[in-house]
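First comes the structure, then the notes that go with it.
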Amino acid sequence: MNYRALRVANVIRDELGILIMRELEFSGLVTITRVEIDGKMEKAHVGISVIPSAEAEASLKTLKAAQGLLQHKLLRKLNFKPMPRIEFEIDHGPEKAAEVEKILLEDESPKSQEPRKRRGVR
């Protein structure tokens, strides 16, 4: 991704987060995890994370229904030429990271919690 696309992605992430918070209501917590813009600046893939994950599909459906409104408000606010078309998708990365962390914490044995014996230098 070139520097301009990276800057545009960051601005879209920030402004879209504000718009979603103001304009839409969800039964869970919806967070924008990433915005990736293609090389031609035509599409912006917006990854979202939803807590609880059971509400992810309903939240995605709400976002897709409001996609036109959000796109229009972004265009008026940012005035980019060309304005990338936003497309929402569920990002399972944070959920999978939490699962891995849980597994790692469960695998720690009580022995590993004991302090290690210090080895003296002779």
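Report, for the chain, the % of DSSP beta bridges that are antiparallel, rounded to 5. Kindly include the intermediate steps, with their values, before the conclusion.
On the way: 8 of 14 bridges.
Rounded to the nearest five, the antiparallel share is 55 percent.
If you average the sequence gap of Cα pairs under 8 Å that are 6 or more apart and divide by the length of the chain, what percent do you get for the contact order?
Details: 125 pairs, mean separation 29.4, N = 122.
It rounds to 24 percent for the chain.
Mean-square fluctuation check for the chain, GNM, Cα pairs under 10 Å: which of I18, I48, I86 is largest?
Of I18, I48, I86, the Gaussian network model singles out I18 as fluctuating most.
How tilted is helix 3-23 with respect to the longest principal axis of the chain? Cα atoms for both, answer in degrees (0 to 90, nearest 10).
Here the helix axis deviates by roughly 80 degrees.
Taking R0 as 30 Å, what's the FRET efficiency between N10 and E55 from their Cβ-Cβ distance, rounded to 0.05?
Numbers: r = 27 Å, r/R0 = 0.89.
The computed FRET efficiency comes out at 0.65.
Alpha carbon centre of region 72-88 versus region 1-65: separation in Å?
So the separation of the two Cα centres works out to 12 Å.
Beyond 28 Å between alpha-carbons counts as too far, so tell me which of K40/K77; K43/K73; K64/K102 fall in that bin. Show your work: numbers first, answer last.
Details: K40/K77 21 Å; K43/K73 16 Å; K64/K102 32 Å.
Distance filter (> 28 Å) returns K64/K102.
Relative to the longest principal axis of the C-alpha atoms of the chain, give the angle of the C-alpha long axis of helix 67-78, reported between 0 and 90° and rounded to the nearest 10°.
The answer is roughly 80 degrees.
Once you put a point 7 Å from the Cα of K40 and another 7 Å from the Cα of N79, both along the Cβ direction, what distance in nm separates them?
About 2.7 nm, to one decimal.
How far is it, in nm, from the label point at A97 to the one at F26 when both lie 7 Å from their Cα along the line to the Cβ?
1.6 nm
For helix 56-65, report the angle its Cα long axis makes with the longest principal axis of the Cα atoms of the chain; keep it between 0 and 90° and round to the nearest 10°.
So the inclination is approximately 20 degrees.
Just so you know, all these numbers are worked out from the coordinates, no wet-lab data involved. Keep in mind the model is a prediction, meaning the values are calculated, not measured. Quick reminder, even Gly has a Cβ in these numbers, built from the backbone with ideal geometry, and neighbours come from all protein chains shown.
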